[in-house]
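Scroll down for the structure; my scribbles are underneath it.
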Amino acid sequence: MDLLIIFKLIGSLALLMFGMKSMSESLQKMAGSQLRHVLGAMTTNRFTGLLTGMFVTAAVQSSTATTVMTVSFVNAGLITLAQAISVIMGANIGTTLTAWIMSAGFSFNITDFVYPAFFIAIILIYSKKKKYIGDFLFGIAFMFLGLGTLRQTGIDMNLGENQAVLDFFASFDPNSFITTIVFLLLGGVLTFCVQSSAAVMAITMILCSSGVLPIYQGIALVMGENIGTTVTSNLAAMTANTQARRAAFAHMFFNLFGVCWMLVIFRPFVDMCCGFVGYDVTMTKETVEHTTFLANAAKLSFVLAAFHTTFNLVNTFILIWFIPQMEKIVCKVIKPKKAEGDEEDFRLRFITAGFMKTPELSVLEAQKEIQSFAVRIQRMFGMVRELVHEKDEAKFVKAFSRIEKYEGISDNMEIEIAKYLDEVSNAHLSDETKGKIRAMLREISEIESIGDSCYNIARTLNRRIKGKEDFTDDQYTHMHQMMELTDQALTQMNSILVGYREQNDVNRSFNIENEINNYRNQLKSQNINDIDDHKYTYAIGTMYMDIIGECEKLGDYVVNVVEARMGTKQRDV
């Protein structure tokens, strides 16, 4: 029988965690890009950032999702680290809504209401337009079913009458500061182990509501949960870039600072929260009737929620005035990795293993990586332009090997981004996001082809220098003009990759491509005449037209990237 109760406890915790995850993900799918736009637009100052973080986290029930979105905006340069810190503060307040939902689930039997929700959800899931609402309802129903089962399991365990459990908690001196520290550390370790502060909060509520765990120790566990969640995000951010690690550390600093001042005024603050809810701290099992004691103990879940919210509100009110100082501290503690300054090394800047947790948001990270990929490719084309005029053989070899290295980087970037998008596409995604992933796969393929064209031009120039031949002044002028047009096309492509679709004008890209095509045709005819007139050899003419032709091909790849980004139909090249 005891084993069955343990399995019920573990299973109901699993249901609760799965329900919260499903609810959060379905909300993010419903909100889609609007959620990202809200975060980007509403963080103009520390107070709007705070409110944005609070409301977005309360809506999606995931402070991790909010933090990840915020970090991606810092990386993209859309918001500053200081604004990101204010959003993370807001996320800390928004996540306290979870405790109130759970305390409501513990105060009355909510499981009777979940079965109609399951029935409605399954109907909606089979309706194509409403399937995300169905997913959301399933998430809520699973969450409340988990809470209801947890509540009943707590009653079935009859912990208030279990002498062994009572003796264990009685062995800790309730008035000792060391006891508070022990339970604080225990809460942190438990949260880190189960990777869910909601699960630890649920266990704390069971123990407190049954009258086994005194409120002071219970609240110490809640404080530990606050630290445990930040340890998880800091470990996840270890492989990420500097700004991600700084944001995660700011989150930890915020919570650690709060715990430090809370320990100084611990008991008076807890007594104040108990007063808000109407819980009598002095009441014991021996001094009152059993039913009165249980009625008082039933309020403990609300005391925990009240403390969680009040603590985060007060902590935010204290620290929001010191955001610039917090920013300086985290920048001093978290230094940039040496590799981050080296553009010559292959390294993805935005896609980081283990940090992204929500598929819908992973797409944003991949888009930022594609923008970075396109910028690198234009830099590679700039190296090729310089190579055209390089006469010194030693310098030429050095520059050529650098272009060769960039070609290898472009191949690796295509493979890594494609692999990442493939992993993301395995998740349950909205149709809009699936379409975005298909377009992004086409974008990286075409950008890699641009890299191939750059390398082909460099190889042609290498053939020319080995053959000890040189182009005429007119050929150099024509190549310079063609490459100038090609560079304009690349600049326009990068501008379109960064901007919003509705704000971009593709006609500029099409016009540049038409200019490139017309100029190629003109140079092709002129080349035949110049060879006939013996202005240069057939061999040098062939190399010259190979470079011109490769530039024209590169222009076609640029237009393909633009079309993929704008969602227009692929043309025949």
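May I ask you to verify whether residue 515 is under 22 Å from residue 377 (Cα atoms) and open to solvent by 70 Å² or more (accessible area, probe 1.4 Å)? So residue 515 passes the test. Evaluated against (1) hydrophobic (A, V, I, L, M, F, W, C); (2) over 20 Å from residue 317 (Cβ atoms); (3) open to solvent by 40 Å² or more (accessible area, probe 1.4 Å); (4) modelled with pLDDT of 75 or more, residue 55 falls short on exactly one condition, (2).
Taken together, the residues in segment 473-488 that are open to solvent by less than 40 Å² (accessible area, probe 1.4 Å) and out of contact with any Leu (no Cβ under 8 Å at 6 or more places or on another chain) amount to 6. Among the residues of segment 411-433, those identified as part of a helix (DSSP H, G or I) and touching a helix residue (DSSP H, G or I) at 6+ places or on another chain (Cβ under 7 Å) are 411, 413, 414, 417, 418, 420, 421, 424, 425, 433. Within segment 303-322, the residues that satisfy the criterion of being surrounded by 23 or more Cβ atoms within 10 Å (Cβ to Cβ) and either among the aromatic types (Phe, Trp, Tyr) or under 27 Å from the mean Cα position of the chain (by Cα) (or both) are 307, 308, 311, 312. Please verify whether residue 9 is over 23 Å from residue 231 (Cβ atoms), buried (at least 20 other Cβ atoms within 10 Å of the Cβ) and modelled with pLDDT of 75 or more, treating the condition exactly as stated. Considered against the rule, which asks whether it is over 23 Å from residue 231 (Cβ atoms), buried (at least 20 other Cβ atoms within 10 Å of the Cβ) and modelled with pLDDT of 75 or more, residue 9 comes out as no.
Conditions (1) within 33 Å of the chain's Cα centre (by Cα); (2) open to solvent by less than 30 Å² (accessible area, probe 1.4 Å); (3) more than 30 Å from residue 369 (Cβ to Cβ), marked per residue:
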| site | (1), (2), (3) |
| --- | --- |
| 447 | yes, yes, no |
| 450 | yes, yes, no |
| 453 | no, yes, no |
| 467 | no, no, yes |
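For segment 532-551, filtered to residues that are small (Gly, Ala, Ser) and open to solvent by 10 Å² or more (accessible area, probe 1.4 Å), the residue that is nearest to the chain's Cα centre (by Cα) is 549. Within segment 334-349, can one find any residue that is open to solvent by less than 20 Å² (accessible area, probe 1.4 Å) and at pLDDT below 90? Checking segment 334-349: not a single residue is open to solvent by less than 20 Å² (accessible area, probe 1.4 Å) and at pLDDT below 90.
Count of segment 158-202 residues, restricted to those that are at pLDDT 70 or above, open to solvent by 50 Å² or more (accessible area, probe 1.4 Å) and within 29 Å of the chain's Cα centre (by Cα), is 7. When the test is whether a residue is modelled with pLDDT of 65 or more, touching a Ser or Thr at 6+ places or on another chain (Cβ under 8 Å) and among the small types (Gly, Ala, Ser), residue 32 does not pass it.
Among the residues of segment 386-408, those identified as closer than 14 Å to residue 373 by Cα and open to solvent by 10 Å² or more (accessible area, probe 1.4 Å) are 407, 408.
Figure legend. Inter-residue proximity from segment 413-425: first residues more than 17 Å from residue 371 (Cα to Cα), second residues open to solvent by 60 Å² or more (accessible area, probe 1.4 Å) and of a type in the set (Asp, Glu), beta-carbon distance below 8 Å, spacing 6+ or different chains. No pairs are indicated. Among residues of segment 489-513 that are basic (Lys, Arg), those with a Cβ under 8 angstrom from a residue that is modelled with pLDDT of 85 or more, sequence gap 6+ or separate chain, pair up as 501/565; 508/492.
The values are calculated or read from the model by the stated rules, or taken from the named source; none is laboratory data. As the structure is a computational prediction, the values presented were derived from the model and not from experiment. Note that each Cβ is placed from the backbone with ideal geometry, even for glycine, and that neighbours are counted across all protein chains shown. When the accessible area is computed, the model is the full protein with side chains, heavy atoms only, and any ligands, DNA or RNA have been set aside. Shrake-Rupley method; radii C 1.70, N 1.55, O 1.52, S 1.80 Å.
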